[in-house]
Amino acid sequence: MSLKEKINPSKLPQHIAIIMDGNGRWAKQKGQERIFGHERGVKSVREAVEAAAEVGVKFLTLYAFSTENWNRPQEEVIALMQLLVHTINAETKTLNKNSIRLQAIGDLKSLPTDCYNELQEAIENTKSNTRMTLVLALSYSSRWEIMNAIKEIAQAVENKTLSAAAITEDTLKAHLCTSSIPDPELMIRTSGEHRISNFLLWQLAYSELYFTEKLWPDFGKEDLFEAILDYQNRERRFGKTSEQLIS
Ligand code: IPE
Ligand code: IPE
Ligand code: MG
């Protein structure tokens, strides 16, 4: 029985989020420049998207570039942005063929103009697709996102369109970039690092976390299936006891 066949379709996470990490180390191990690793990482993106869509996952969020990544050497940042423009451009057709809708979260206005335009075009061209939503986190930082949400809410209170007493968890959720996306049930990080790195801090409150030693360019379909199977073997208690879940 293949790993894919072992997956229980009735216990599928509807949203998987991935911190795609380890491109630089992968390239270094091969005696290459870091950008070589980013280029190879695109293949893993393709595999993860295909694998998620094949098993019926509805949302896949990929952390592609963090706000903090702007502090990397300028040549790496430029190369990453070029790779992004090229990849979005080259993959839109495939997204449409597979009925995958593209969305993006983050401070998108801070992206170079060509990158921003390419992204908006791809989002527009894929907006009617219904099989799965692929969310790219770009120039994304969760603290930035939460701070922005708080500012918007404070403004509404100041304008008297909202009272402080009426603020609920749903109010905050509605002001996050992910307002129309369910929280991820499963978060995967590659490359053996065990941290969140400013990714979806609010949304990951009850996600199952899965860490693998594999570097992102080595991550393939089978690895995603393995992570889903691991998730399906866990007991999600949400603060309750095991006994309560059975009854
Ligand atoms: C992840 O790989 C990709 C991005 C952050 C853009 P890294 O570039 O962080 O690779 P390592 O962690 O240095 O190996
Ligand atoms: C997190 O990876 C961001 C992305 C994968 C885009 P980093 O490599 O930037 O994270 P740190 O610096 O190791 O925490
Ligand atoms: Mg890294």
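Here, each number is a calculation from the coordinates, and none is a lab measurement. On a predicted model such as this, the values are computed, not experimentally measured, just so you know. Note that we place each Cβ from the backbone using ideal geometry, even for glycine, and neighbour counts take in every protein chain shown.
Just a few scattered comments:
- The overall shape of the range 42-159, judged from the alpha-carbon gyration tensor, is oblate: a/c is not under 1.5, and a/b is no greater than b/c.
- Modelled label positions at Y206 and R72, each set 7 Å beyond Cα in the direction of Cβ, lie 3.5 nm from each other.
- GNM top mover of A52, A205, A165 - the chain, alpha-carbon springs below 10 Å: A165
- Inter-label distance, K4 to N98: 1.1 nm, where each label sits 7 Å from its Cα along the C-beta direction.
- Zone residues, the range 174-211, relative to Q14, backbone N less than 15 Å from point 7 Å out along Cα-to-Cβ: 179-186
- Local charge for R195 was computed over the other residues whose Cβ lies under 11 Å away, with Lys and Arg +1 and Asp and Glu -1, and equals -1.
- When the chain is treated as a Gaussian network with alpha carbon springs shorter than 10 Å, the biggest mean-square fluctuation among S66, S139, S179 belongs to S179.
- Cross-link pairs exceeding 18 Å between alpha carbons, from the set K173/K240; K6/K43; K11/K58: K173/K240; K6/K43.
- Taken as Cα centroids, the range 177-235 and the range 12-88 sit 14 Å apart, rounded to the nearest whole angstrom.
- Prolate/oblate/rounded call for the range 67-124, Cα gyration tensor, a/c under 1.5 rounded: prolate
- Rounded, prolate or oblate (a/c below 1.5 giving rounded, otherwise prolate when a/b exceeds b/c) for the range 8-85 by Cα gyration tensor: prolate
- Fluctuation leader among K127, K221, K160 - the chain, Gaussian network, Cα springs under 10 angstrom: K160
- Extension gain for the segment Q29 to R234, taken as residue separation times 0.36 nm less the Cα-Cα distance, is 70.4 nm to one decimal.
- Counting charges near H15 (Lys, Arg +1; Asp, Glu -1) among other residues having Cβ under 12 Å from its Cβ returns a value of -2.
- Gain in span if fully extended, Q155 to D218, counting 0.36 nm per residue against the direct Cα distance: 18.1 nm
- Within the chain, the whole DSSP H helices whose Cα atoms reach 20 Å or more along their own axis and whose mean Kyte-Doolittle score is at least 0.0 are 74-97.
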